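Before any comments, here is the structure.
The values are calculated or read from the model by the stated rules, or taken from the named source; none is laboratory data. Quantities reported herein were computed from a predicted structural model and do not represent experimental measurements. Counting neighbours? That spans all protein chains shown, and the Cβs are built from the backbone with ideal geometry, glycine included.
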Amino acid sequence: MDGSGRVVLFGCHPEHYTWKWGEGQAIENSDYSKYIYSYPPQDNDGIPPWEDIQPPAHDTSGIIQDCAEWIAETSLNTPPDQPADPSPPNGTTDIDINPTLWWQCSDADGDTLTYDVYFGTSSNPSLVTSGATSKWYQPGTLEPSTTYYWKIVASDGDLTTEGPVWQFTTRENTPPHQPSSPSPADGATGVSVTPTLSWQCSDPDGDALEYKISYNEVGSTLAAQSSWFSGTSHSLSGLDYGTTYEWNVIARDICGATTTGPTWTFTTKEASNHAPYAPSNPSPPDGDTVTISDSTSDSTTEEETTTTLASTDSTSTTSSTDSTSSTSSDSDSTTSQMILLSWDGGDPDGDSVTYKVYFEAGDSTPDNLLATTSYTSTSSSDLQAGTTYYWKVVATDEHGKTTSGPVWQFHVSSDGSTSSSDTTTSQPAEEEQTATV
């Protein structure tokens, strides 16, 4: 018996037997004679075709017996059994939205089977895969609260058997729980400007969740938002120092249902900036006496004036009569009426620093702003003999942090001579500042 519904006899001549359903067609071969006989799909009397071979009365050769034995050993092909035992069971409800469909099927002849799977929301489901060799199928993520229909058609390569149409209904979907337990804690301060935000969240159906972060400065209408991601933490960068931010988390399950968490806040730490160094090492030195020269002079040279301003610990008198300089042995300094004030400054972070110089006569708490400069020196003029002057310097870095220096003082005295100088040339302020930077 071959797979086309025919009985094939080798070496059996038609004259040795009769065939119930008609004569066969002989195909001659050099080695043997092959006779093919067709048979109907079903035998009305239920008798296998080979049992209806009738040997003629004159047969004594035993050929008919040989043919009948060969035919009996060649059984008819039977179709696969009908697919059965579905999982999920037919008609069940509350099925997970990511199911695996299973079934059972076998073949009486032991043939290898393949399967065509029909699946969908119609009661006449569509073919979704063919020629499957496994007895299971995964349709992917399904819609919640939906009825699905499916059937299996088994094939042994020649014959097929169609199974019944089964159905099941998926479960309802519940949105995720609200995100909670934020880190940093709500209202936290001193938070890094590159924080890792984390939270807790779960789903009542056990669905896998993904999240989206939304954050912005408090008071700002422009919110930054991340893309969807898995995991209950997310890192931020580029935040500003000393700034309060608000943020929340949106949770989404595999069915697309979302839950938005509450709004939380945190404040970033102040910038790790150090204040400028306190101004120090003043010139004139703190408590020093500066002497004004009242000598008559037609011309005081720039070189003489520069020499006078640089002197801070001795008395220097400049004479205009013979253009000679003489130095006394006391501790007072002689200078012109313009004086150069200088100090040491700087910043531990290397920031640029601006200095405000407060200068006042007779007031130990000077608040009269003399100059604002990026140099560590400035000048003051019109000093009066017999007067004590007080001054201080306040340093401010580029981040706005300030450091105030101590209040310094110096006393101005006169050498007692009368000044009738027509021309006094002192070092220009810009040159003085440049020289002392």
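Does S220 satisfy the criteria of being more than 15 Å from T243 (Cβ to Cβ), assigned to a loop (DSSP other than H, G, I, E, B), out of contact with any helix residue (DSSP H, G or I) (no Cβ under 7 Å at 6 or more places or on another chain) and of a type in the set (S, T, Y)? Taking the combined requirement at face value, the residue does not satisfy it. Would you say G242 is closer than 30 Å to I97 by Cβ and modelled with pLDDT under 95? When the stated conditions are applied, G242 does not pass them. Checked against (1) over 30 Å from G242 (Cα atoms); (2) modelled with pLDDT of 50 or more, Q427 passes all but condition (2). Taking the stretch 357-386 as the range and being under 14 Å from W408 (Cα atoms), surrounded by fewer than 18 Cβ atoms within 10 Å (Cβ to Cβ) and either in contact (Cβ under 8 Å) with a residue 24 or more places away in the chain or hydrophobic (A, V, I, L, M, F, W, C) (or both) as the test, the residues that pass are E360, A361, G362, D363, S364, T365. For S413, state whether it is in contact with a helix residue (DSSP H, G or I) (Cβ under 6 Å, 6 or more places away or on another chain), in a strand (DSSP E or B) and at pLDDT 50 or above. Taking the combined requirement at face value, the residue does not satisfy it. Across the stretch 170-197, the number of residues qualifying as closer than 30 Å to N124 by Cβ and in a loop (DSSP other than H, G, I, E, B) comes to 3. Scan the stretch 123-169 residue by residue and report those that are in a loop (DSSP other than H, G, I, E, B), in contact with a Lys or Arg (Cβ under 9 Å, 6 or more places away or on another chain) and under 28 Å from C255 (Cα atoms). Residues satisfying the conditions are P125, P144, S145, V165. Of the strands (runs of 3 or more DSSP E) lying entirely inside the stretch 248-350, the ones with 1 or more residues being closer than 30 Å to L197 by Cα and modelled with pLDDT of 85 or more are found at 258-260, 264-268. For the stretch 102-128, the set of residues classified as hydroxyl-bearing (S, T, Y) and within 20 Å of D85 (Cα to Cα) consists of S106, T112, T114, Y115, Y118, S123, listed by residue number. Taken together, P139, P164 contain a single residue that is surrounded by fewer than 15 Cβ atoms within 10 Å (Cβ to Cβ) and either on the phi < 0 side of the Ramachandran plot or not acidic (D, E) (or both), which is P164. Among residues of the stretch 81-98 being at pLDDT below 95 and not in a strand (DSSP E or B), the one that is farthest from the chain's Cα centre (by Cα) is D96.
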